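First the structure, in the form of structure tokens, and then the observations on it.
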Amino acid sequence: MEQPVIAVRGATASLGSRPVLRGIDLTVGRGEVVALLGANGSGKSTAVRAIVGQVPLTGGELELFGTPRRRFRDWKRVGYVPQRTTAAGGVPATVREVVLSGRLARTKLGPARRADREAVVRALELVGMADRAGDPVAALSGGQHQRVLIARALAGEPELLIMDEPMAGVDLASQEVLAEALRDQVERGASVLLVLHELGPLEPLIDRAVVLRDGCVVHDGAPPRAVGQHALPGHDHVHPHADPAAEPIRTGLLS
Amino acid sequence: MEILELAFMQRALLAALLVGITAPAIGIYLVQRRQALMGDGIGHVALTGVGLGFLLNASPIWVATVVCVLGAVVMELIRSYGRTRGDIALALLFYGGMAGGVMLTSLSDRGSSASLSTYLFGSITTVSREDILAICVLAAFVIVTTVGLRRQLFAICQDEEFARVTGLPVRLLNLLIAVTAAVTVTVAMRVVGLLLVSALMVIPVAASQQITRSFATTFAASVGIGVLVTVSGTTASYYVDVPSGATIVLMAIGLFVVLTALATPLARRRAGRAAAQEQCTLDGKGRSTATDDVRV
Ligand SMILES: Nc1ncnc2c1ncn2[C@@H]1O[C@H](COP(=O)(O)OP(=O)(O)OP(=O)(O)O)[C@@H](O)[C@H]1O
Ligand SMILES: [Mg+2]
């Protein structure tokens, strides 16, 4: 069997004194697109941040491309989109400058070359933001900003994309553009782990869904048919439903 | 120009030029990370270094460099680890540094409150030959760091978590920012003084970003403004007998006000041009957004 690109076994992690991951298993195979679902606070971001090394594990194992995380250094193979609404600093910066940061895993401490600038242009075209390359990021809307963060991850031409709610605040038309961009990446052999609240236009791309609830995996398999949080097993129901399947299917378009 | 024939003015203008370049060059990263007052904190700590220099009968500029670097490293460690009560720790460091400087100076027989005040407020025309050598070496370090690593430092100050996931040695580069800021403080202390160092790190950046849109142009414009105010301020303080540090800072603030006043019509013109291009049309394009799912 081919080596999975992400392999998490029995991972536990705490934030503050609070256990947030309580032994999760998660694998992403090569070329696979896995959605990580779950209610607010279920530990999705913590799981993703643990995978990219930003939250220390208190137990369990974590491998990236078959290498234990601790010894993994090949970050140019990974593209990361953090969960963020605004990441604007105290000084103006253009879309192009922010996206160029996505090449740092390749250039390291060296200078940016022509290939780097070309990759930035391609990434901006993929997310449909090429016409805004020279605009300051502070002048973008939330959804446009999110698309810039996706372009930044794509600019590094990674083999594995790890995205925390990449579609947050992105309108449906742009979600379709991004779904197309993602399909393109997957066809070239990229693997994807992404946190979502609704599958939306990405639904046909997704091979598998992992659902978290209170830091535990409660579902790992086919993506839930229905779209929208109500349909997810991880959703905290404010009012009890006898049978969630009896709910009308939310397509996201008509609800 | 008789001003350029006087050796002490040559040194003064060279020091002013180097401060005009280096202070905004590192300041832009501090402002980007919203740590605009870090320079001020280092300035307070530097005072202990100056006092120690007096006490040990050593060159205050080199001793201050060592003390500043140590102080800046401690500040960076407090920033990155001890989030809780970090502000109290910083306050202890700042005021401890200030009090330590005053105490050490009074204990030494070389230092007096008069000589301390040349460091507090700057005294550019008393820059010695040894001082200028130190300033050149330190400024070269600051310029190489801030220009050579601009993309890396930009990425770290823009989004530290993302920068870490690119595999950059972020902890090391953060320490480098702190050390570079500390070095800049000692470069600038003879010119603008420790109490006004931070102004020259922050105000040129604040002024230029009134009219710039990218990081690269903000960097260039900040350095340009920095050089303009330090050199013209030093020249002015030669002809009119006024302290250089205060002149330089007041000129920078004046430029900030002018650029802010200019920025409003500039932005309006940009907006007007954009509006002329894009008129509302009701052709149904992009309407699909209206049917986007409403989150539960
Ligand atoms: N810095 C922190 N310190 C302590 N607890 C935290 C911290 N950050 C998050 N938590 C807690 O960890 C739990 C999981 O958080 P996490 O951000 O992983 O949730 P999530 O599934 O990504 O939620 P969302 O859908 O809102 O993004 C939450 O209960 C939260 O309260
Ligand atoms: Mg989250």
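Observations
- Interface B-A: total buried accessible area of about 3600 Å², 1.4 Å probe, protein heavy atoms only.
- Look at the stretch B:146-154: the mean tally of other chain Cβ atoms within 10 Å of its residues' Cβ atoms is 3.
- Most mobile listed residue (A:Pro19, A:Pro158, A:Pro224) in chain A, GNM with C-alpha springs under 10 Å: A:Pro19
- You can think of it this way: the chain between B:Val102 and B:Leu70 has 9.7 nm of extra reach, that is 0.36 nm per residue less the Cα-Cα gap.
- Farthest positive-ward along the stretch B:2-295 dipole, Cα basis, beta-carbon charges - from B:Leu52, B:Ser232, B:Val165: B:Val165
- Sparse-neighbour loop sites [trypsin sites (Lys or Arg not before Pro); the stretch A:19-67; at most 15 other C-beta within 10 Å; DSSP]: A:Arg30
- Dipole moment magnitude, nearest 20 debye, chain B about Cα centre, only Lys, Arg, Asp, Glu C-beta charged: 760
- For the stretch B:1-96, the calculated P(r), taken from all Cα-Cα distances in 10 Å bins from zero up to the bin holding the longest distance, is 15, 35, 31, 15, 4, 1 percent.
- Dipole of the protein assembly as shown [Lys/Arg +1, Asp/Glu -1 at C-beta], most positive-end residue of A:Gly43, B:Phe219, A:Leu205: B:Phe219
- When Rg and the Kirkwood Rh are both derived from Cα coordinates, the Rg/Rh ratio for chain B amounts to 1.08.
- Among the protein heavy atoms of the protein assembly as shown, carbon and sulfur supply 60% of the accessible surface, probe 1.4 Å, non-protein parts ignored.
- Shielding value for A:143-152 is 1, the average number of Cβ atoms from other chains within 10 Å of each residue's Cβ.
- FRET efficiency, 1/(1 + (r/R0)^6) with R0 25 Å, evaluated for A:Ala139 and A:Arg117 via beta carbons: 0.70
- Peptide A:108-121 has a mean shielding of 1, counted as Cβ atoms of other protein chains within 10 Å of each residue's Cβ.
- From the Kirkwood radius over Cα pairs of the stretch A:37-125, Stokes-Einstein at 4 °C and 1.567 mPa s returns a whole-number translational diffusion coefficient of 83 µm²/s.
- Simple spin-label estimate for B:Arg273 and A:Asp214 gives 5.9 nm between the two label positions (7 Å along the Cα-to-Cβ direction from each Cα).
- Relative packing of peptides A:162-170, B:45-53 - highest average C-beta neighbours within 10 Å first: B:45-53, A:162-170
- Antiparallel DSSP beta bridges within the protein assembly as shown, percent to nearest 5: 55
- Here, P(r) means the percent of Cα pairs in each 5 Å bin from 0 to the largest distance; for the stretch A:97-152 it is 4, 21, 32, 22, 13, 7, 1.
- Bins of 20 Å, starting at 0 and running to the largest distance - Cα pair percent for the protein assembly as shown: 20, 44, 28, 8, 0
- For the stretch B:13-57: span of alpha carbons on each principal axis (Å, largest first): 37, 27, 9
- Label point at B:Leu4 placed 7 Å out along Cα→Cβ; residues across the stretch B:118-149 whose backbone nitrogen lies under 16 Å: none
- Directionally averaged shadow of the stretch A:43-88, computed from the convex hull of its alpha-carbon atoms, nm²: 4.1
- Counting DSSP beta bridges with both ends in the stretch A:6-251, the antiparallel % (nearest 5): 55
- A 1.4 Å probe run over the stretch B:2-295, with the rest of the protein chains in place, finds 45 Å² accessible per residue.
- Using distinct alpha-carbon pairs, which all enter the 1/r mean, Kirkwood radius of chain A in Å: 18.9
- Only Lys, Arg, Asp and Glu carry charge here, each on its Cβ (+1 for the first two, -1 for the last two); on that basis the protein assembly as shown has a dipole of about 700 debye about its Cα centre.
- Checking every one of the trypsin sites (Lys or Arg not before Pro) in the stretch B:25-99 against DSSP loop status and a limit of 14 other Cβ atoms within 10 Å picks out B:Arg34, B:Arg83, B:Arg85.
- The helix-only estimate of mean residue ellipticity at 222 nm for chain B, built from DSSP H runs of length n ≥ 4 each weighted as -39500 (n - 2.57), is -25500 deg cm²/dmol after division by the residue total.
- Ordering of B:197-208, B:5-16 by packing [mean C-beta count within 10 Å, highest first]: B:197-208, B:5-16
The values are calculated or read from the model by the stated rules, or taken from the named source; none is laboratory data. Since the structure is predicted, the reported quantities are computational estimates derived from the model, not experimental observations. Cβ: placed from backbone, ideal geometry, glycine included. Neighbour counts: every protein chain shown. Heavy atoms of the whole protein, side chains included, go into the accessibility calculation; ligands, DNA and RNA do not. Shrake-Rupley method; radii C 1.70, N 1.55, O 1.52, S 1.80 Å.
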